[in-house]
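Visitor: Pasting a structure below so you can have a look.
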Amino acid sequence: MKEKTKVLFICLGNICRSPAAQGALENLVKQKNLNHSFEIDSCGTAGYHDGDLPDPRTRKAAEKRGIHLTHKSRKLTIKDLKYFDYLLVMDENNFRDVISLTNDAKVKEKIYLFGQFRSDQGDPIVPDPYYKNETAFEKVQDLVEDCSLGFLNFLGV
Ligand code: 4NP
């Protein structure tokens, strides 16, 4: 039996962008009846919000699209780097922080800017909405849904 594809979304605090992306991809694979083929998780490069549910604004934007977020924030670990097949980061700071944790070329190859999978091939950064308004959270939700579709296309599923 084929092993699951293991996907880890990574942002700074793991309460806005990466749990939104996790929820969007989980929702999509469920719709495609591919749940059994994926393991999807998220984390932050910082542990500021360890154990917290996603930001209420993140949850609200997801709920509007029928996605209920229950993930609890956790910090990225060194084990994650080996364990997951795809390390999908949201911005250049995340990219720099993650790549700085390894000298292993195989691990480095697994790090992608999630925004590179967007359908319009625009800016590959998923911007941090934390200090912004609800509209910014809505935009993040739309963007991570679009990128999730692009990511599944990239995987050929
Ligand atoms: P995230 O957003 O990285 O998308 O979860 C942030 C959440 C919290 C903080 C910064 C960004 N913070 O400074 O607490």
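The values are calculated or read from the model by the stated rules, or taken from the named source; none is laboratory data. Treat the numbers as computed from the prediction; the structure is a model and nothing was measured. No Cβ is skipped: glycine too gets one built from the backbone with ideal geometry, and neighbour counts run over all protein chains shown. Each accessible area value is taken on the protein alone, full model and side chains, heavy atoms only, with ligands, DNA and RNA left out. Shrake-Rupley method; radii C 1.70, N 1.55, O 1.52, S 1.80 Å.
Visitor: Looking only at the range 24-33, decide whether some residue is open to solvent by less than 10 Å² (accessible area, probe 1.4 Å) and either more than 14 Å from Phe151 (Cβ to Cβ) or within 16 Å of the ligand (Cβ to nearest atom) (or both).
Guide: Initially, the range 24-33 is screened for residues open to solvent by less than 10 Å² (accessible area, probe 1.4 Å), giving 24-25, 29.
If we keep only those that are either more than 14 Å from Phe151 (Cβ to Cβ) or within 16 Å of the ligand (Cβ to nearest atom) (or both) too, we end up with 24-25.
Yes, the range 24-33 contains a residue that is open to solvent by less than 10 Å² (accessible area, probe 1.4 Å) and either more than 14 Å from Phe151 (Cβ to Cβ) or within 16 Å of the ligand (Cβ to nearest atom) (or both).
Visitor: Now for a separate question. Quick one: in the range 35-52, which of the residues that are open to solvent by 20 Å² or more (accessible area, probe 1.4 Å) and within 12 Å of the ligand (Cβ to nearest atom) is nearest to the chain's Cα centre (by Cα)? Working first, answer last.
Guide: Looking only at the range 35-52, we keep the residues that are open to solvent by 20 Å² or more (accessible area, probe 1.4 Å), and these are 35-37, 39-41, 45, 47-52.
Among the residues that remain, those that are also within 12 Å of the ligand (Cβ to nearest atom) are: 45, 47-50, 52.
Values: Thr45: 12, Gly47: 16, Tyr48: 17, His49: 16, Asp50: 17, Asp52: 16 Å.
Per the criteria, the residue is Thr45.
Visitor: In the range 53-63, what residues are over 14 Å from the mean Cα position of the chain (by Cα) and either within 11 Å of the ligand (Cβ to nearest atom) or open to solvent by less than 20 Å² (accessible area, probe 1.4 Å) (or both)? Steps first, please.
Guide: Taking the range 53-63 as the starting set, the residues that turn out to be over 14 Å from the mean Cα position of the chain (by Cα) are 53, 55-57, 59-61, 63.
Selection gives Asp55, Arg57, Ala61.
Visitor: Being over 15 Å from Arg65 (Cα atoms), under 14 Å from the mean Cα position of the chain (by Cα) and free of Cβ contacts under 8 Å to residues at least 24 places away in the same chain is the filter here; which residues of the range 122-157 pass it?
Guide: The one that is over 15 Å from Arg65 (Cα atoms), under 14 Å from the mean Cα position of the chain (by Cα) and free of Cβ contacts under 8 Å to residues at least 24 places away in the same chain: Pro124.
Visitor: On to the next question. From the list Leu87, Leu8, Leu81, Leu12, which one is open to solvent by 10 Å² or more (accessible area, probe 1.4 Å) and in contact (Cβ under 8 Å) with a residue 24 or more places away in the chain?
Guide: Within the list Leu87, Leu8, Leu81, Leu12, the selection yields Leu12.
Visitor: Conditions: (1) touching a Phe, Trp or Tyr at 6+ places or on another chain (Cβ under 9 Å); (2) farther than 16 Å from Val7 by Cα. Ser100 meets all but one. Number of the miss?
Guide: Failing condition for Ser100: (1).
Visitor: Just name the residue that is least open to solvent (accessible area, probe 1.4 Å) out of those in the range 116-142 that are over 15 Å from Arg57 (Cβ atoms) and out of contact with any helix residue (DSSP H, G or I) (no Cβ under 6 Å at 6 or more places or on another chain).
Guide: Taking the candidates together, the pick is Gly122.
Visitor: Continuing with the same structure: Take the range 115-139 and flag every residue that is more than 18 Å from Gly13 (Cα to Cα), modelled with pLDDT of 95 or more and not in a helix (DSSP H, G or I).
Guide: Arg118, Ser119, Asp120, Gly122, Asp123, Pro124
Visitor: Right, something else. Quick one: is Gly66 within 16 Å of the ligand (Cβ to nearest atom) and surrounded by fewer than 17 Cβ atoms within 10 Å (Cβ to Cβ)?
Guide: No, not satisfied.
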